[in-house]
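The structure appears right after this line, and notes come after that.
The values are calculated or read from the model by the stated rules, or taken from the named source; none is laboratory data. Remember, it's a predicted structure, so these values are computed and weren't measured experimentally. All Cβ positions, even for glycine, are placed from backbone atoms using ideal geometry, and neighbour counts span all protein chains on display. Note: areas computed on protein heavy atoms with side chains; ligands, DNA, RNA excluded. Shrake-Rupley method; radii C 1.70, N 1.55, O 1.52, S 1.80 Å.
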Amino acid sequence: MATLQNQGSETDSHHVGLKLMRLSRPSLALAQPIFYENGTSSLAETLHQLALKDPIVLEKEVKSPEENNSSLKLRDLGLSETLLLPDSWGSVYLGEFLTCYLCLNNEDTESVRELGIKVELQTTSKRFPLADTTTSPLEILAPNKASEIVVQHEIKELGIHILVCSAQYLTSTGERKFIRKFYKFQIQNPLAVKTKVNNGQDGKILLEIQLQNVAASSMHLESLRFEPAEPFGHSDLNQIIPNMSHQVNEEQSSLFGVGDFLSPKDVRQYVYMLTPKSVNDIAARTTNALGKLDIIWRSALGEFGRLQTSSLMRKPPPLERIEVNVIEMPKDVYLEEPFRIQCRAINRTPAPMHLHLTCNKAKMGSILSVGYSSRNLGDVPPNGTVDFSLDFVPLAPGFQRIGGLRITDSLGGYAQDFDYFWDVFVCYSREQLDR
């Protein structure tokens, strides 16, 4: 329990004293271990002669020899089994449950009557009632007796919070007295969230989320769930892919495992693939909201905390009038061997188009087109598609880009260049691989 200092001013003398304390779990006290090598240190012999032992080493000696196979001893961690009570209010983090103990003590020599307590939590935007006994007050509070109450609230906002504690009672002479105290404290963020958005083909989005523990103590990530925005479905890319020689349990399917431990300043990175529910959904391509992250974490001694981020945002890419996607391509592409890909052109406007395709070899790299450099693709209705094939020959091995196309709409007078629209990995020729 830790007391928070009253931020208000009290000028009147009262028969009843009001104290507020925060209820929180204790921490493990740190011990200063005595480091020595067993059997070779004169210090160990001296301690044995004086019948003195390091208490942490003594704890390990009580266990059976089978349990002492680890080379790392408990005393090396500098921890003990002694619990240390907090000596201050401490830090309050977003998502935690704030639990407070309020005590009203009759410090007079006579009893007081009709004692009522009211507790409220005030933020920058709202006021939350936590307790109110003024409608059914305590009839009599004898001298040197106390009235106690425990309040709890889940912290869901950052910034300054104020606990407003008030009480009213009647003295032995029938005079009504009022007490009001204010306790101000700051809410901090336990996790820093950063995102990186990679916009892909067909409206797909590769979302990278980076979490950093910015709290003063360690924590365990008990649950991590991504909730996509309405236009999207999503795939969790943080799962372990099992193979024939290794079976993965459900509890071990996460890349970092269940109950991932984060020390202060530790960073974890998670990846999700967002896919539009409908291929031609314009809302999925123009929205800047991607979804929310729901995190459940616990402190080192099991205190519960839940944090839901605000909507993760992005800067949507410009929506082109014409879009070209690859719908089919060969599994293997070899050096200096022609290959064919199937493409689809999409009209993203509400007006019909008449499309014409031109290949510009000057803008192509190591992947050159073969065959006709110009062709007519025909009429395309609003939000319609047209399929066509392209033949290429690779001139260099490795990861290469495909591009150098121009599509012109003869009806609207609009032309769009596709200097890059796909990637391909080029292998060496079959003869060289056979060698």
For this session: Would you please name the trypsin sites (Lys or Arg not before Pro) within region 124-207 that are DSSP coil residues with at most 13 other C-beta atoms within 10 Å of their C-beta?
Result: K126, K145
Seminar exercise, completed: Carbon/sulfur accessible area of region 82-196, % of total, 1.4 Å probe, equals 49 percent
Exercise. With the Cα gyration tensor of region 121-179 giving a ≥ b ≥ c as the square roots of its eigenvalues, does the rule (a/c under 1.5 for rounded; else a/b larger than b/c for prolate; else oblate) give rounded, prolate or oblate?
Worked result: prolate
For this session: Convert each backbone phi in region 364-378 into a coupling constant with the Karplus relation 6.51 cos²θ - 1.76 cosθ + 1.60 (shift: θ = phi - 60°), then list the ³J(HN,Hα) values in order as whole Hz, x for Gly and Pro.
Result: 8, x, 8, 10, 9, 7, 10, x, 5, 8, 8, 7, 9, 8, x
Exercise. How much accessible surface area, in Å² rounded to 10, belongs to the heavy atoms of H234 with a 1.4 Å probe?
Worked result: 80 Å²
Problem set entry | For region 100-111, Karplus couplings with θ = phi - 60° (6.51, -1.76, 1.60), whole Hz, Gly/Pro x | 10, 10, 10, 10, 10, 10, 7, 9, 9, 8, 10, 6
For this session: Could you tell me which of the pairs K184/K265; K156/K265; K204/K265 are separated by over 29 angstrom between their Cα atoms in the structure shown?
Result: K204/K265
Seminar exercise, completed: A chain fully extended from E227 to L84 at 0.36 nm per residue, minus the present Cα-Cα distance, gains in nm 47.6 nm
For this session: Determine the distance separating the Cα centre of region 284-307 from the Cα centre of region 316-334; give it in Å without decimals.
Result: 33 Å
Problem set entry | Per residue accessible area of region 312-421, 1.4 Å probe, in Å² | 53 Å²
For this session: Could you check the simple spin-label distance between R180 and V267, using points 7 Å along Cα→Cβ, in nm with one decimal?
Result: 4.8 nm
Exercise. With every protein chain in place, what's the accessible area of M273 (1.4 Å probe, Å², nearest 10)?
Worked result: 50 Å²
Exercise. For region 325-435, what does the alpha-carbon gyration tensor say about shape, rounded, prolate or oblate, given a ≥ b ≥ c as the root eigenvalues, a/c under 1.5 as rounded, and a/b over b/c as prolate?
Worked result: prolate
For this session: First compute the accessible area of region 274-418 with a 1.4 Å probe, then give the percent of it belonging to carbon and sulfur atoms.
Result: 51 percent
Exercise. Using θ = phi - 60° and the Karplus form 6.51 cos²θ - 1.76 cosθ + 1.60, what ³J(HN,Hα) does each residue of region 337-354 get, whole Hz, x for Gly and Pro?
Worked result: 10, x, 9, 10, 10, 9, 10, 9, 9, 10, 8, 8, 10, x, 10, x, 10, 10
